[in-house]
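Nothing in this text is a laboratory measurement; each read-out follows from the coordinates by a stated rule. Worth saying up front: this structure is predicted, and the values here are computed from it rather than measured. As a convention, Cβ positions derive from the backbone with ideal geometry for all residues, glycine included, and neighbour counts pool all protein chains shown.
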Amino acid sequence: MINRGEFAVELCQQAGQLALSFFNDPANLAVEVKGAQDWVSEADKAVEDFIRQKISNAFPGDGIVGEEFGSASGSSGFDWVIDPIDGTTNFVNGIPAWTVVLAGVSGGRTQLGVIHDPNADETFAAIRGHGATLNAVRLRMGTDVSLDSGTVAVGYSNRVARTNILPVLTALVERGTMFHRNASGALSIAYVAAGRLLGYLEEHMNAWDCLAGQLLVEEAGGRAEDQDASEMIRAGGRVVVAAPQVFAELVEIADGAWRAP
């Protein structure tokens with residue numbers, strides 16, 4: 001029987017090479033505008049189609065949820081959640097900060113997650129109960145950090161009020177924290193798991209952007225707000241992930257700026 005975890009890692013790496021072929025040929029990349037600061041490229045569609053076909057061939061009973069092509073129900077009780085290119089704004093503007101993201105969900109919980117960055121040749125992977133890795137090396141988050149010792153990433157999208165991000169940035173600056181946004185929430189959350197960032201906050205994320213990363217952080221020893229993965233697939237929600245020592249403070253900041261989950 002095919003191991004879903006190993007399959008997911010290999011699939012994301014293959015999909016990343018396909019995405020790179022589009023990224024390295026920007027003059028011929030077709031791009032559509034979905035909304036303000038919201039694009040979809042032919043690369044997004046081609047990569048998601050590639051991933052869907054591979055999953056359907058290997059696990060024909062599994063369900064599939066994708067950003068570009070919606071949902072296909074399955075019979076196994078296991079669902080794959082795909083973001084073919086997280087960070088399309090970066091992708092279409094030639095900025096090498098985007099990822100291929102794949103999560104596996106069953107029983108309302110994320111069971112596996114992979115975030116692959118083809119530009120840096122980095123593959124972040126996690127299996128529930130079996131830890132998180134970066135290029136097959138175990139990740140363990142630091143235990144002696146404070147908000148004024150590093151950087152917190154803050155996400156933003158056109159699904160929320162424009163002004164809602166301002167109190168978060170103010171609160172972080174008042175605490176002596178540097179803030180960061182790279183337009184790829186999945187990559188930022190992976191950086192939290194790797195200890196490169198202290199935490200990540202966003203008022204609303206879609207499931208394909210965050211499920212894999214939330215599991216990565218938890219399996220690397222960090223904390224994420226407890227959410228039902230199935231409900232996140234249905235409606236999305238806010239995301240707070242962080243190193244254990246700063247998690248409560250970031251939740252307090254999020255509660256002060258946004259509606260509690």
Taking a ≥ b ≥ c as the square roots of the Cα gyration tensor eigenvalues, with a/c under 1.5 meaning rounded and otherwise prolate when a/b beats b/c, else oblate, which class fits region 128-170? oblate
Choice from Leu187, Leu147, Leu201 showing the highest fluctuation, given a GNM over the chain with Cα pairs closer than 10 Å: Leu147
Computed from the beta carbon distance with a Förster radius of 30 Å, FRET efficiency for Asn182 and Ser76 to the nearest 0.05 stands at 0.30
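Summarise the long-distance tail of P(r) for region 147-257 by giving the % of C-alpha pairs beyond 20 Å.
Values: 1896 of 6105 pairs.
The calculated P(r) of region 147-257 puts 31 percent of pairs beyond 20 Å.
Stretched out fully, how many nm does the piece from Ile95 to His130 gain, at 0.36 nm a residue minus the Cα gap? Intermediate results must be reported in sequence, preceding the final value.
On the way: separation 35, 0.36 × 35 = 12.60 nm, distance 3.31 nm.
Taking Ile95 through His130 to full extension adds about 9.3 nm, to one decimal.
Which of the three applies to region 83-236, rounded, prolate or oblate, going by the alpha-carbon gyration tensor with a ≥ b ≥ c and a/c under 1.5 meaning rounded? List each step's numbers first, then the result.
Numbers: a/c = 1.30, a/b = 1.18, b/c = 1.11.
Because its axes are fairly even, with a/c under 1.5, region 83-236 counts as rounded.
Classify region 99-187 as rounded, prolate or oblate from the Cα gyration tensor: take a ≥ b ≥ c as the square roots of its eigenvalues, call it rounded if a/c is under 1.5, otherwise prolate when a/b beats b/c and oblate if not. Intermediate results must be reported in sequence, preceding the final value.
Numbers: a/c = 1.94, a/b = 1.49, b/c = 1.30.
Prolate is the answer for region 99-187, as a/c is 1.5 or above and a/b outweighs b/c.
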Highest mean first, what order results for 80-92, 242-254 on Cβ atoms within 10 Å? 80-92, 242-254
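Direction-averaged shadow area of the convex hull around the Cα atoms of region 197-252, nm²?
On the way: hull surface 14.1 nm².
Over every viewing direction, the Cα hull of region 197-252 projects on average to 3.5 nm².
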For the chain, with only Lys/Arg (+1) and Asp/Glu (-1) charged at the beta-carbon, what is the dipole magnitude about the Cα centre, in debye rounded to 20? 200 debye
Magnitude of the charge dipole, region 4-138, Cβ model with Lys/Arg +1 and Asp/Glu -1, debye to 20: 480 debye
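Once Rh is set to the Kirkwood radius over Cα pairs, what Stokes-Einstein translational diffusion coefficient, in µm²/s, holds for region 4-138 at a temperature of 4 °C and a viscosity of 1.567 mPa s?
Numbers: Rh = 15.1 Å.
This corresponds to a translational diffusion coefficient of 86 µm²/s.
Trypsin sites (Lys or Arg not before Pro), restricted to region 25-134: which are DSSP loop and have at most 14 other Cβ atoms within 10 Å?
Numbers: sites: Lys34, Lys45, Arg52, Lys54, Arg109, Arg128; in loops: Arg128.
Sparse-neighbourhood loop trypsin sites (Lys or Arg not before Pro): none present.
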Semi-axes of the equivalent ellipsoid for the chain, Cα gyration tensor, largest first, Å: 27, 21, 17
